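A.B. asks: Okay, handing you the structure first.
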Amino acid sequence: PSTSGELDRLHAKVWPRNTFRAGDGVVRIAGVDVRELARTYGTPLFVIDEADFKFRCAEYAAAFEDPSLVHYAGKAFLCTEIARWVAGQGLSLDVCSGGELAIAQRAEFPPERITFHGNNKSVEELEAAVEAGVGTIVLDSYYEIARLADVAARHDVVQQVLVRVTVGVEAHTHEFIATAHEDQKFGFSLASGEAAEAVRRVLNAPSLQLVGLHSHIGSQIFDADGFEVAARRVVGLLADLRKEHGPEALESLTVVDLGGGFGIAYTDKDNPPPPAQLVTQIRDIVRKECAFADIPVPRIAGEPGRAIAGPGTVTLYEAGTIKDVVLGDEGVRRYVSVDGGMSDNIRTALYDAAYDVRLVSRASDDGQPEPVAAMLSRVVGKHCESGDIVVRDCWLPETLAPGDLLAVAATGAYCYSMASNYNRQPRPAVVAVRNGEHRLLLRRETYDDMLRLEAS
Ligand code: LYS
């Protein structure tokens with residue numbers, strides 16, 4: 001891009017729904033001036049467009065035709081207020097650790113709408129889940145079947161469970177976030193017969209009740225193909241199980257949870273399908289396969305996390321050091337250092353993720369007589385690693401200066417939740433904006449918070 005208009009553009013599919021650059025060149029999110037946010041809370045700062053988050057909850061609730069069949073994946077981002085929003089929208093919640101469960105409980109999330117996941121839940125976590133009265137626990141190993149059967153029996157509870165099935169689908173996504181191929185740690189393999197054996201063991205445990213099968217093929221997926229193959233294989237397993245055990249034994253098995261993985265637009269090059277379209281395609285396949293196998297059609301559940309939390313949040317950073325590095329014949333690359341980095345967004349380093357970043361505290365050609373030139377830039381953090389990159393390649397205005405505010409889009413999922421204290425950097429604050437107002441959801445960590453852990 002060479003014109004300031006292009007540099008200052010906020011692509012609707014990438015930025016929170018209520019983000020606009022006003023006539024003065026300054027960006028407002030839900031009517032709140034980003035400079036005011038930076039002044040009030042400091043940077044780096046996660047800013048959530050509350051209406052955007054709730055809009056996406058409602059969109060998935062409609063697509064699945066029942067809000068309770070949508071399990072918001074708390075791993076994407078969870079705090080008390082988010083759990084309240086999710087509960088208020090009628091959605092269910094998926095947690096995968098005792099810590100996430102503790103937050104759900106603090107929010108008084110209806111326990112019967114909580115699903116507990118994880119490939120290595122501890123006995124303590126299973127106990128906490130059973131005591132909390134969580135609706136379903138997704139079983140992931142033979143050890144866990146035995147452990148949970150024991151925990152539930154001790155609590156005099158019949159615990160509803162799902163069996164996580166590895167369906168052997170290669171999702172077209174980064175290796176680290178694909179989860180249904182055979183060679184990995186999650187679930188019971190369908191092909192080897194482990195899934196069928198897991199079901200046998202659950203049916204033999206009086207303290208467990210099998211209510212569904214679960215499959216998750218990976219993350220940031222844009223087409224229905226992988227889900228369709230997964231759905232087809234899960235239905236095939238359902239049909240086999242009915243042959244083996246008879247319909248009565250499986251009467252309570254009514255749900256097929258196809259997990260999450262619905263992709264979002266991180267940059268304008270990403271084109272995720274509308275949720276309704278994807279879910280309809282999946283549901284049609286399940287119906288067809290069930291008719292073919294002559295078995296009742298299960299309810300289809302899903303677990304969007306990124307697709308709900310991701311698009312409505314941006315990270316605000318203040319630009320600091322700017323360095324122009326000469327790359328031999330290839331020109332110059334500008335390194336723009338910001339006041340956060342891999343401690344608040346590890347996804348670029350971990351998955352080579354792409355992000356959209358813009359100058360938001362003013363227009364690019366603010367005070368300039370002519371449109372300003374675009375510089376090939378790299379937005380980097382303040383950590384002691386050269387891999388500490390937030391946005392690998394982007395165009396930023398030549399006039400960018402220390403003190404300018406930059407925003408990185410679509411950081412609502414797996415940024416705060418994967419944040420660290422690397423270099424003893426305190427975790428950023430999280431604020432929600434709505435109708436011109438802002439309020440704090442999580443305060444910025446302080447040095448005292450860190451020092452409190454010191455035992456000597
Ligand atoms: N943390 C990953 C990401 O940022 C996705 C993991 C999804 C967990 N089911 O893309």
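A.B. asks: Condition first: farther than 19 Å from residue 159 by Cα and assigned to a loop (DSSP other than H, G, I, E, B). Now tell me which residues in the stretch 79-133 satisfy that.
C.D. replies: 79, 89, 90, 91, 107, 108
A.B. asks: For residues in the stretch 206-244 being in a loop (DSSP other than H, G, I, E, B) and open to solvent by 10 Å² or more (accessible area, probe 1.4 Å), which is farthest from the ligand (Cβ to nearest atom)?
C.D. replies: Top of the filtered list is 206.
A.B. asks: On to the next question. Tell me, please, whether a residue that is on the phi > 0 side of the Ramachandran plot and not assigned by TED's automatic domain parsing to the domain that holds residue 347 can be found in the stretch 35-54.
C.D. replies: Taking every residue of the stretch 35-54 in turn, none turns out to be on the phi > 0 side of the Ramachandran plot and not assigned by TED's automatic domain parsing to the domain that holds residue 347.
A.B. asks: Looking at the stretch 7-24, can you tell me whether even one residue there is open to solvent by 20 Å² or more (accessible area, probe 1.4 Å) and β-branched (Val, Ile, Thr)?
C.D. replies: no
A.B. asks: Moving on to the next point. For the stretch 423-453, give me each residue that is assigned to a helix (DSSP H, G or I) and in contact with a Cys (Cβ under 7 Å, 6 or more places away or on another chain). Steps first, please.
C.D. replies: Just the residues of the stretch 423-453 that are assigned to a helix (DSSP H, G or I), to begin with: 423-424, 447-451.
Correct list: 423 only.
A.B. asks: Still on this structure: Filter the stretch 245-260 down to residues that are away from the ligand (no atom under 16 Å from the Cβ) and in contact with a helix residue (DSSP H, G or I) (Cβ under 7 Å, 6 or more places away or on another chain) and give me whichever is nearest to residue 96 (Cα to Cα).
C.D. replies: Result: 256.
A.B. asks: Would you mind telling me which numbered condition in (1) in a loop (DSSP other than H, G, I, E, B); (2) open to solvent by 20 Å² or more (accessible area, probe 1.4 Å); (3) β-branched (Val, Ile, Thr) residue 280 fails?
C.D. replies: Of everything listed in (1) in a loop (DSSP other than H, G, I, E, B); (2) open to solvent by 20 Å² or more (accessible area, probe 1.4 Å); (3) β-branched (Val, Ile, Thr), residue 280 misses just condition (1).
A.B. asks: Collect the residues in the stretch 1-21 that are in a loop (DSSP other than H, G, I, E, B) and not hydrophobic (A, V, I, L, M, F, W, C), keeping them in residue-number order. Talk me through it step by step, then tell me what you get.
C.D. replies: So the first thing to find is which residues in the stretch 1-21 are in a loop (DSSP other than H, G, I, E, B), and the list is 1-3, 8-18.
If the condition is that a residue be in a loop (DSSP other than H, G, I, E, B) and not hydrophobic (A, V, I, L, M, F, W, C), then 1, 2, 3, 8, 9, 11, 13, 16, 17, 18 are the ones that fit.
A.B. asks: Here is a further query. Across the stretch 308-337, what is the number of residues that are in contact (Cβ under 8 Å) with a residue 60 or more places away in the chain and open to solvent by 10 Å² or more (accessible area, probe 1.4 Å)?
C.D. replies: Looking only at that region, the number is 5.
A.B. asks: Then there is this: Take residue 24 and decide whether it is assigned to a loop (DSSP other than H, G, I, E, B) and not hydrophobic (A, V, I, L, M, F, W, C). Break it down into steps so the answer makes sense when it comes.
C.D. replies: Details: assigned to a loop (DSSP other than H, G, I, E, B): yes; not hydrophobic (A, V, I, L, M, F, W, C): yes.
Yes: the conditions hold for residue 24.
Residues checked against (1) among the aliphatic types (A, V, I, L, M); (2) away from the ligand (no atom under 16 Å from the Cβ); (3) surrounded by 15 or more Cβ atoms within 10 Å (Cβ to Cβ):
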position	(1), (2), (3)
382	no, yes, yes
389	yes, no, yes
403	no, yes, no
409	yes, no, yes
427	no, yes, yes
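A.B. asks: Sticking with this one: Condition check: modelled with pLDDT of 95 or more, within 10 Å of residue 305 (Cα to Cα) and not polar (S, T, N, Q). Does residue 76 satisfy that?
C.D. replies: Yes, satisfied.
A.B. asks: Do we find that residue 112 is assigned by TED's automatic domain parsing to the domain that holds residue 286, within 19 Å of residue 210 (Cα to Cα) and open to solvent by 40 Å² or more (accessible area, probe 1.4 Å) in this structure?
C.D. replies: It is true that residue 112 is assigned by TED's automatic domain parsing to the domain that holds residue 286, within 19 Å of residue 210 (Cα to Cα) and open to solvent by 40 Å² or more (accessible area, probe 1.4 Å).
A.B. asks: Out of (1) touching an Asp or Glu at 6+ places or on another chain (Cβ under 9 Å); (2) over 30 Å from residue 408 (Cβ atoms); (3) open to solvent by 40 Å² or more (accessible area, probe 1.4 Å); (4) of a type outside the set (Val, Ile, Thr), the odd one out for residue 127 is which?
C.D. replies: (1) is the only condition that residue 127 fails.
A.B. asks: Now for a different question. Residue 46 is checked against (1) farther than 17 Å from residue 117 by Cα; (2) away from the ligand (no atom under 16 Å from the Cβ) and fails just one. What number does that condition carry?
C.D. replies: Every condition holds for residue 46 apart from (2).
The values are calculated or read from the model by the stated rules, or taken from the named source; none is laboratory data. Note that the structure is a prediction, hence the values are computed from the model and not measured. A quick note on method: Cβ atoms are made from the backbone with ideal geometry, for glycine too, and the neighbour counts reach across all protein chains shown. When the accessible area is computed, the model is the full protein with side chains, heavy atoms only, and any ligands, DNA or RNA have been set aside. Shrake-Rupley method; radii C 1.70, N 1.55, O 1.52, S 1.80 Å.
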